[in-house]
Amino acid sequence: MRDKKNMRGKNENNDKKDQKDTRVEEVRPGIYAYIQEDGGWFLDNAGFIVGENDAIVIDSLSNAVKTNNFINEIKKITDNPLSFLINTHHHTDHIWTNYLFSSKTICSERCREETLKEKDVGLDIYKKIFQGLDTTGAKILPQDITFDKELRIHQEISDGTREIRLRYIGPAHTVDDAFVYLPEEKVVFCGDLLFSEPCTPFALMGSIYGSIVALDYLANLNADFYIPGHGPVAGKESLYRARDYFVYIRDEAYERFKDGIDPYTAAKSIDLGEYSSWNEKERVIGNVVRAYSEFKGEPIGAELPDLFNVLARMMDYRKEIG
Ligand SMILES: [Zn+2]
């Protein structure tokens, strides 16, 4: 491995806003998380896994400035070619700049389907809803390789082979989330199956039920490091915190659903209590809308016809609550 790790560290060129609050964390030898503070909207984490002859990247970022900065950080650590880029799910902040990597791209079968839909949707609707969103150089490149339930990559390392498992276990944060599990090193790149505290979890495009199942599943892997899609690198307790949030919101929403209260009124009336200090509190609206879909007996992960309207109302609520 052409290792240049002595050059790594917190980004020193802080002159550009997009590069200011990023850092590389080596959680195990050769296994790196790329963290974007503060994990808010479109500030997703990524990662890379350096082998003897290659490096495998997990997720691209929401615009070309951010992704070029990420690629520069990888190059400070290794000259190895980037063999594969894994997309954990189809959300724009994780796929919008895939094309900046020369690697073959991999994702779950459902993720590619959703990515193709996203290509039709385009960028403008997001720029309208998320005011100030920088989409410089963003464009959608559908993935090259897909898998149904699991795919294993066997990466050569200096003293043997590293096993990297990509696994899809059903709708959760979206309908197509995969996570990346390194059983030997006990590391999981969770994608957005995990928003670690203080980032509020979000399941509007997936399933509340499925999110709880997925968080239990990840906890049962007994990993030492869980790299979330948003928020700081976490341990198991962070999975339980996110799970508790979903259970609390689901139960509060159900009381209101039974009383015939509409989901928006219901969401706004929920006392977030211990979760009120978390970021992106407005996500309670999206989570309650998804919970209502499940209470009505709609299929897990059912497509919501008014999805962008829900997102817009959620961002209005963000302004309302400051
Ligand atoms: Zn996401």
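You will find that of L166, L141, L182, the residue that is modelled with pLDDT under 95 and in contact with a Phe, Trp or Tyr (Cβ under 9 Å, 6 or more places away or on another chain) is L141 and no other. Selection over segment 28-48 of residues that are part of a loop (DSSP other than H, G, I, E, B) and more than 17 Å from A223 (Cα to Cα) gives a count of 9. Of the strands (runs of 3 or more DSSP E) lying entirely inside segment 62-161, the ones with 2 or more residues being within 16 Å of the ligand (Cβ to nearest atom) and farther than 25 Å from P29 by Cβ are found at 104-108. Residues in segment 198-223 that are over 14 Å from the mean Cα position of the chain (by Cα) and either within 15 Å of the ligand (Cβ to nearest atom) or touching a residue at least 40 places away in the same chain (Cβ under 8 Å) (or both): P198, S207, I208, Y209, G210, V213, Y217, L221, A223. Just one of the listed residues (E73, E109) is buried (at least 19 other Cβ atoms within 10 Å of the Cβ) and acidic (D, E), and it is E73.
Selection of segment 265-289 for residues being surrounded by 16 or more Cβ atoms within 10 Å (Cβ to Cβ) and not hydrophobic (A, V, I, L, M, F, W, C) yields Y275, N279, E280, K281, E282, R283, G286, N287.
Could you run through segment 224-235 and say how many residues are outside any strand (DSSP E or B), among the small types (G, A, S), more than 16 Å from the ligand (Cβ to nearest atom) and in contact (Cβ under 8 Å) with a residue 40 or more places away in the chain?
Residues of segment 224-235 that are outside any strand (DSSP E or B), as a first pass: 224, 231-233, 235.
With among the small types (G, A, S) added as a condition, the list becomes 231, 235.
Remaining after also requiring more than 16 Å from the ligand (Cβ to nearest atom): 235.
If we keep only those that are in contact (Cβ under 8 Å) with a residue 40 or more places away in the chain as well, we get none.
Final tally of qualifying residues: 0.
For segment 277-293, a residue qualifies if it is assigned to a helix (DSSP H, G or I) and either polar (S, T, N, Q) or in contact with a Gly (Cβ under 9 Å, 6 or more places away or on another chain) (or both), and the qualifying residues are N287, R290, S293.
Taken over segment 204-221, the criterion of being in contact with a strand residue (DSSP E or B) (Cβ under 9 Å, 6 or more places away or on another chain) and among the polar types (S, T, N, Q) is satisfied by S211 alone.
Of all residues in segment 142-173, those that are buried (at least 17 other Cβ atoms within 10 Å of the Cβ), in contact with a strand residue (DSSP E or B) (Cβ under 7 Å, 6 or more places away or on another chain) and farther than 22 Å from A223 by Cβ total 2.
I249 fails exactly one of the following numbered conditions: (1) part of a loop (DSSP other than H, G, I, E, B); (2) touching a residue at least 40 places away in the same chain (Cβ under 8 Å). What is the number of that condition? With (1) part of a loop (DSSP other than H, G, I, E, B); (2) touching a residue at least 40 places away in the same chain (Cβ under 8 Å) applied to I249, the lone miss is (1).
The values are calculated or read from the model by the stated rules, or taken from the named source; none is laboratory data. Computed from a prediction, not measured in an experiment: that's the story for all the values here. As a convention, Cβ positions derive from the backbone with ideal geometry for all residues, glycine included, and neighbour counts pool all protein chains shown.
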